[in-house]
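K.L.:
Pasting a structure below so you can have a look.
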Amino acid sequence: QVQLVESGGGLVQPGGSLRLSCVVSGSIFRVRPMGWYRQAPGKQREFVADITVDGSVHYVDSVKGRFTISRDNGKNTAYLQMNSLKPEDTAVYYCYVSTVPNPSWGQGTQVTVSS
């Protein structure tokens, strides 16, 4: 009964920026950790970033210094600011929220980094 809607993906040139948003609605009773995974064609889904309720963050090494995850608890929304984008960042980006007993996932938003 939890729904997540991602937005903000698109086509950007190398070195450019995008800001992804993830809005959560439905039967969620408490604020919970949220984050992002991504999946490139032919590859496994990869952890990108997460953020706790109090704002602690983690990133995969390949995006450290370039991506920033943030959240607005009042809006049940998470964001992923992506700067200095590289072609290898091309993937479908999926948002999740740590609902119990299993996490809930969005449908994904395509990010393409190309000249």
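The values are calculated or read from the model by the stated rules, or taken from the named source; none is laboratory data. Just so it is clear, the model here is predicted, and its values are computed rather than measured. All Cβ positions, glycine included, derive from the backbone under ideal geometry; neighbour counts span all protein chains shown. Ligands, DNA and RNA are stripped out before the accessible areas are found, and what is left, the full protein with its side chains, is counted by its heavy atoms. Shrake-Rupley method; radii C 1.70, N 1.55, O 1.52, S 1.80 Å.
K.L.:
Would you please name the residue that is surrounded by the fewest Cβ atoms within 10 Å (Cβ to Cβ), looking only at residues in the range 47-76 that are over 19 Å from Val5 (Cα atoms) and in contact (Cβ under 8 Å) with a residue 24 or more places away in the chain?
P.N.:
Once the filter is applied, the top-ranked residue is Ser62.
K.L.:
Could you go through the range 97-109 and let me know if any residue there is exposed (fewer than 13 other Cβ atoms within 10 Å of the Cβ), farther than 20 Å from Arg30 by Cα and either out of contact with any helix residue (DSSP H, G or I) (no Cβ under 6 Å at 6 or more places or on another chain) or touching a residue at least 60 places away in the same chain (Cβ under 8 Å) (or both).
P.N.:
Within the range 97-109, one or more residues are exposed (fewer than 13 other Cβ atoms within 10 Å of the Cβ), farther than 20 Å from Arg30 by Cα and either out of contact with any helix residue (DSSP H, G or I) (no Cβ under 6 Å at 6 or more places or on another chain) or touching a residue at least 60 places away in the same chain (Cβ under 8 Å) (or both).
K.L.:
Let me ask something else. Is it fair to say Gln81 is touching a residue at least 40 places away in the same chain (Cβ under 8 Å), in contact with a strand residue (DSSP E or B) (Cβ under 8 Å, 6 or more places away or on another chain) and under 25 Å from Gln1 (Cα atoms)?
P.N.:
Spelling it out, it is not the case that Gln81 is touching a residue at least 40 places away in the same chain (Cβ under 8 Å), in contact with a strand residue (DSSP E or B) (Cβ under 8 Å, 6 or more places away or on another chain) and under 25 Å from Gln1 (Cα atoms).
K.L.:
If we scan the range 20-39, do we find a residue that is at pLDDT below 95, on the phi > 0 side of the Ramachandran plot, of a type in the set (Gly, Ala, Ser) and over 15 Å from the mean Cα position of the chain (by Cα)?
P.N.:
yes
K.L.:
Collect the residues in the range 77-96 that are assigned to a loop (DSSP other than H, G, I, E, B) and surrounded by fewer than 15 Cβ atoms within 10 Å (Cβ to Cβ), keeping them in residue-number order.
P.N.:
Matches in the range 77-96: Asn83, Ser84, Lys86.
K.L.:
While we're on this one: So, in the range 35-46, how many residues would count as being under 23 Å from Gln3 (Cβ atoms) and either assigned to a strand (DSSP E or B) or polar (S, T, N, Q) (or both)?
P.N.:
5
K.L.:
I need the full set of residues from the range 1-59 which are out of contact with any Lys or Arg (no Cβ under 8 Å at 6 or more places or on another chain) and of a type in the set (Val, Ile, Thr), in order please.
P.N.:
Val2, Val5, Val12, Val24, Ile28, Val31, Thr52, Val57
K.L.:
Look through Thr68, Thr99 and report the one residue that is of a type outside the set (Gly, Ala, Ser) and in a loop (DSSP other than H, G, I, E, B).
P.N.:
None of the other options fit; the residue is Thr99.
K.L.:
Continuing with this model, one more query. Specify the residue that is most open to solvent (accessible area, probe 1.4 Å); the eligible residues are those in the range 1-34 that are in a loop (DSSP other than H, G, I, E, B) and within 25 Å of Ser56 (Cβ to Cβ).
P.N.:
Within the range 1-34, the match that is most open to solvent (accessible area, probe 1.4 Å) is Phe29.
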